[in-house]
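Reviewing the structure listed below.
Just so you know, all these numbers are worked out from the coordinates, no wet-lab data involved. As the structure is a computational prediction, the values presented were derived from the model and not from experiment. All Cβ positions, even for glycine, are placed from backbone atoms using ideal geometry, and neighbour counts span all protein chains on display.
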Amino acid sequence: MSTPETFQIPVETAEIYESKFVPALFADWAPHVVDMGDVTVGQSVLDVACGTGIVARTAAERVGLEGRVVGVDLNPSMLSVAERVCPGVELRQADVSELPFANGTFDAVLCQMALMFFPDRAIAISEMGRVVKPQGTAVVMVPSSLDAQPAYRLLVELAARHAGPDAIAMLSAYWACGDLDELLGTVRAAGLEVLSTRTRMGTCRFESIDDFVAVEVESTPVLERLTDEQYNALRREANDVLGEFTDADGRALVPIEGHLVAARPL
Ligand SMILES: C[S@@+](CC[C@H](N)C(=O)[O-])C[C@H]1O[C@@H](n2cnc3c(N)ncnc32)[C@H](O)[C@@H]1O
């Protein structure tokens, strides 16, 4: 059996994640996750697998000074960057399978782009359901399956030609929860009632196709899984393969489809 991907990166990579990957991709989704959780002034919100905290700080703006926002993540590197960029957010190192909070603590429990990295997704969702209030909302956001991703599909195919199995496993892991019916089945099996779903096409914005590949590699665990030769080959071919996803100025506009699911405990 292969080792599950958990998206663990050292602090230098977490810094690049925050400065490059968050503005290019994750920041575009965070307001939609917060909206799906009906987050309003004065509420208490938990960001599960918060990374460097883009959802947590988006929620913090929404709840204001009377509210409370907590972020948890497994990775101390992500949390150390979050400490700096999320003033006013409480941060805790914790595993989603054992959230260190009492039942019914939060009005909203949000999880963006992380479910696919949890070894037991049903336990993770049931923990999210346990710590949300009975009338609160748990939100899970995941990228759709690879066959719904016109640009990322080409990137993964390109990597499959040049990279080794470890790098390909990581680049393939993002899409593992992308079948909506399967995802809803997992949410229900975890003891939650599905309130609503939304499928959205977002756009990641990079300076160029080369920048797209560089950010995908250098701010993720893929970096340590490629030789220089493999990385150079990827960068060399990426422009030919992904050229259609550029604007007149050469900037890369990369579509990414994702699902948002809002649920609450039964
Ligand atoms: C792709 S990042 C997404 C981070 C953040 N939600 C965002 O939108 O930028 C995935 C995150 O999941 C975290 N993670 C993976 N497994 C975890 C677990 N079992 N418990 C808590 N966090 C976990 C990783 O450390 C990483 O920060």
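The table below lists the values:
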item	result
Exposure proxy order (Cβ contacts within 10 Å, fewest to most) of L25, L110, L184	L184, L25, L110
Gaussian network model of the chain, Cα within-10 Å springs - most flexible of S172, S145, S19	S19
For segment 145-255: Kirkwood Rh in Å [reciprocal of mean 1/r, alpha carbons]	15.4
Ratio of the Cα radius of gyration of the chain to 2.2 N^0.38 Å, where N counts its residues	0.98
Mean residue ellipticity (222 nm) of the chain, computed from DSSP H runs ≥ 4 via -39,500 (n - 2.57), nearest 500	-11500 deg cm²/dmol
Highest-MSF residue in the chain out of G129, G51, G104 [GNM, Cα springs under 10 Å]	G104
Sorted by Cβ neighbour density within 10 Å, fewest at the top, the residues T199, T58, T220	T199, T220, T58
Stretchable slack from D120 to R198, in nm (0.36 nm times residue separation minus alpha-carbon distance)	25.7 nm
Relative contact order %, the chain, counting alpha carbon pairs below 8 Å whose residues are six or more apart	22
